[in-house]
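Quick notes on the structure that follows.
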Amino acid sequence: MSGTALPLLVILTGPTGSGKSDLALQLAERLEPTLPLEIISVDSAQVYRGMDIGTAKPVLERRARVRHHLIDIRDPADSYSAGEFVRDARSAITQIQARGRQPLLVGGTMLYLRALYQGLAALPPASAAIRRELDAQAQRHGWPALHDELARLDPAAAARIAPADAQRIQRALEVHRLTGAPLSAWLHTTQGAREQYRWLRYSLLPADAAARTALRERLAARFAQMLEAGLFDEVRRLFARGDLTAQHPSMRAVGYRQLWQVLAGGIRLDEAQRQAVIASSQLAKRQLTWLRREPGLIAVPLDAASVGRGAGVGRVEALTADILAASRE
C-alpha cells in the first residue's frame, strides 16, 4: 500500500491557552460540508466528568455543532493512561472514518500525542502497592527528591520529566522497582505507529516575545475567568465527595491541585490563584519545549493579537486548503 492510500489524520496541538479549540471549530465550519470533521480530544483532564470549567472543556453548544470524542469518559476517581488513550483514539478514528468523516485530534497532552504517533512500549501494569509506597515517600520528602532518585536510576527518563511532575516520576520509578530496568530502556522497545496513517500535524506557536508575553497574560486572565465562572465551587463539589484525594491523577490537574489545597486548609484562595497561574505558565513552557523539538510539526505562528483566539482568517483559509488537498490525495 502506498503512503497516499493510507488514512489521513490531522493533529492540532499547541501550548495551553493558545486557542486550539477555537481554531478547531473554525476549521470545522470552513470544511463543512465538503469534508465534515469530528474532533477527538487529546486532553488528559477533559476525560473526567464533573471537571468542566478548570479543563476549559468545550461547552455543550460547541459539542452540538461539531461532534467531540473522549470527553467525559471517566469518573475523577479513575485513572486514565496513555495506553487507554491510544486504544480509545484508534477506535474513534475508525468509527469516524467509517462515517465518511475526517478525524481531527485536538489537544496539548504531549504524552498522548507521542503515544499515538510513535506507539507504546509494552510496559508492566501498575502496582497499587508500589504507588502507595512512592506516595508515602513523596509526602515525607517531596516529589523533587524522588526526581533526584530517578536521575540516579534512569538519567535519560529524568531529563525528560520535570521535578514536580508527580505522575510521570511515579510511573518511571514504579517501572524500575517492578522490573529492575529503567523506563528509558523499555521505551526503546516501542513499535512505531506512524506508518499506519498519513499525518498532517499542526502546532500553534507564539511567533515572538510579544506573543509569548500575551500567552502568559492570557493564562492569568483565563484562570481569573474560570474562578468567576465557578471553578472553586466545582472543586468544592469534588472535594465533598469524600472518595477523592490530592493523589488522584484527576486532582493533580492545574487549578484543581491548587484549589484542593485551599479546601484542605493548606493555603489561601489568593495564593492558590497565584500558584495556579504560575503552574499554567510552566506547563505552557514545557509544552513549547516539546513542540519545538518534535520533528515534522507544521508551525502555525501566533502573533500577540491572535493568542487564545485560534488564528487569523488568512491562516484558517490556508489550513483549510491544506487539509482538503491532503484528503484528496
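So, in segment 119-151, exactly how many residues are aliphatic (A, V, I, L, M) and part of a loop (DSSP other than H, G, I, E, B)?
Counting residues in segment 119-151 that are aliphatic (A, V, I, L, M) and part of a loop (DSSP other than H, G, I, E, B) gives 5.
Tally the residues that are under 20 Å from Tyr48 (Cβ atoms), of a type in the set (Val, Ile, Thr) and assigned to a loop (DSSP other than H, G, I, E, B), restricting the search to segment 215-269.
The qualifying residues number 2.
For segment 57-79, which residues satisfy the criterion of being crowded, with 18+ Cβ neighbours inside 10 Å and among the aliphatic types (A, V, I, L, M)?
The answer is Val66, Leu70, Ile71.
Residue check, Ala136 against (1) in contact (Cβ under 8 Å) with a residue 12 or more places away in the chain; (2) farther than 24 Å from Gln46 by Cα, all met but one. Which one?
The one condition Ala136 does not meet is (1).
Going through segment 64-102 one residue at a time, which ones are part of a helix (DSSP H, G or I) and closer than 30 Å to Gly242 by Cβ? It would help to see each step written out before you state the result.
Step one: of segment 64-102, the residues part of a helix (DSSP H, G or I) are 64-65, 82-98.
The answer is Ala82, Gly83, Glu84, Phe85, Asp88.
Checking the condition under 20 Å from Trp290 (Cβ atoms), of a type outside the set (Ser, Thr, Tyr) and in a helix (DSSP H, G or I), which residue from Leu105, Leu116 passes?
Leu116
Answer yes or no as to whether Glu271 is modelled with pLDDT of 95 or more, within 30 Å of Ala77 (Cβ to Cβ), acidic (Asp, Glu) and in the same structural domain as Asp75 (by TED's automatic domain parsing). Spell out how you get there, then give the answer.
On the way: modelled with pLDDT of 95 or more: yes; within 30 Å of Ala77 (Cβ to Cβ): yes; acidic (Asp, Glu): yes; in the same structural domain as Asp75 (by TED's automatic domain parsing): yes.
Criteria met by Glu271.
From Arg171, Arg237, which residue is in the same structural domain as Gly14 (by TED's automatic domain parsing) and basic (Lys, Arg)?
After ruling out the rest, the residue left standing is Arg237.
For segment 32-56, what are the residues that are buried (at least 21 other Cβ atoms within 10 Å of the Cβ) and either modelled with pLDDT under 95 or not in a loop (DSSP other than H, G, I, E, B) (or both)?
Selection gives Leu37, Ile39, Ile40, Ser41, Tyr48.
For residues that are touching a residue at least 60 places away in the same chain (Cβ under 8 Å) and within 22 Å of Leu238 (Cβ to Cβ), scanning just segment 80-107, find the one that is surrounded by the fewest Cβ atoms within 10 Å (Cβ to Cβ).
Applying the filter and picking the extreme gives Tyr80.
Quick one: count up the residues across segment 1-45 that are of a type in the set (S, T, N, Q), in contact (Cβ under 8 Å) with a residue 40 or more places away in the chain and out of contact with any strand residue (DSSP E or B) (no Cβ under 9 Å at 6 or more places or on another chain). I'd like the intermediate steps shown before the answer.
The first filter runs over segment 1-45 and keeps only residues of a type in the set (S, T, N, Q), leaving 2, 4, 13, 16, 18, 21, 26, 34, 41, 44.
Narrowing the set further to residues that are in contact (Cβ under 8 Å) with a residue 40 or more places away in the chain leaves 4, 13, 16, 18, 21, 26, 34, 41, 44.
Now narrow it down to the ones that are out of contact with any strand residue (DSSP E or B) (no Cβ under 9 Å at 6 or more places or on another chain): 16, 26, 34, 44.
Here the count works out to 4.
Of the residues that sit in segment 174-218 and are over 17 Å from Ile161 (Cβ atoms) and among the aromatic types (Phe, Trp, Tyr), which one is modelled with the lowest pLDDT?
Tyr197
Answer yes or no: is there a residue in segment 294-315 that is part of a helix (DSSP H, G or I) and either under 23 Å from Arg168 (Cβ atoms) or in contact with a Lys or Arg (Cβ under 6 Å, 6 or more places away or on another chain) (or both).
No: segment 294-315 contains no residue that is part of a helix (DSSP H, G or I) and either under 23 Å from Arg168 (Cβ atoms) or in contact with a Lys or Arg (Cβ under 6 Å, 6 or more places away or on another chain) (or both).
Give the number of residues within segment 46-61 that are of a type in the set (Asp, Glu) and either without any contact (Cβ under 8 Å) to a residue 40 or more places away in the chain or out of contact with any helix residue (DSSP H, G or I) (no Cβ under 8 Å at 6 or more places or on another chain) (or both). Before the answer, list the steps.
Of segment 46-61, the ones of a type in the set (Asp, Glu) are 52, 61.
After this cut, where a residue has to be either without any contact (Cβ under 8 Å) to a residue 40 or more places away in the chain or out of contact with any helix residue (DSSP H, G or I) (no Cβ under 8 Å at 6 or more places or on another chain) (or both) as well, the list is 61.
Qualifying residue count for the region: 1.
Kindly establish whether Arg67 is among the basic types (Lys, Arg), farther than 19 Å from Leu183 by Cα and in contact (Cβ under 8 Å) with a residue 24 or more places away in the chain.
Working: among the basic types (Lys, Arg): yes; farther than 19 Å from Leu183 by Cα: yes; in contact (Cβ under 8 Å) with a residue 24 or more places away in the chain: yes.
Here the answer is yes, as Arg67 does meet what is asked.
Quick test of your reading of the structure: Ala151 fulfils all but one of (1) more than 20 Å from Trp290 (Cβ to Cβ); (2) of a type in the set (A, V, I, L, M); (3) surrounded by 15 or more Cβ atoms within 10 Å (Cβ to Cβ); (4) out of contact with any Phe, Trp or Tyr (no Cβ under 9 Å at 6 or more places or on another chain). Name the failing condition by number.
Exception for Ala151: condition (1).
The values are calculated or read from the model by the stated rules, or taken from the named source; none is laboratory data. Treat the numbers as computed from the prediction; the structure is a model and nothing was measured. Every residue, glycine as well, gets a Cβ built from its backbone with ideal geometry; the counts of neighbours run over all protein chains shown.
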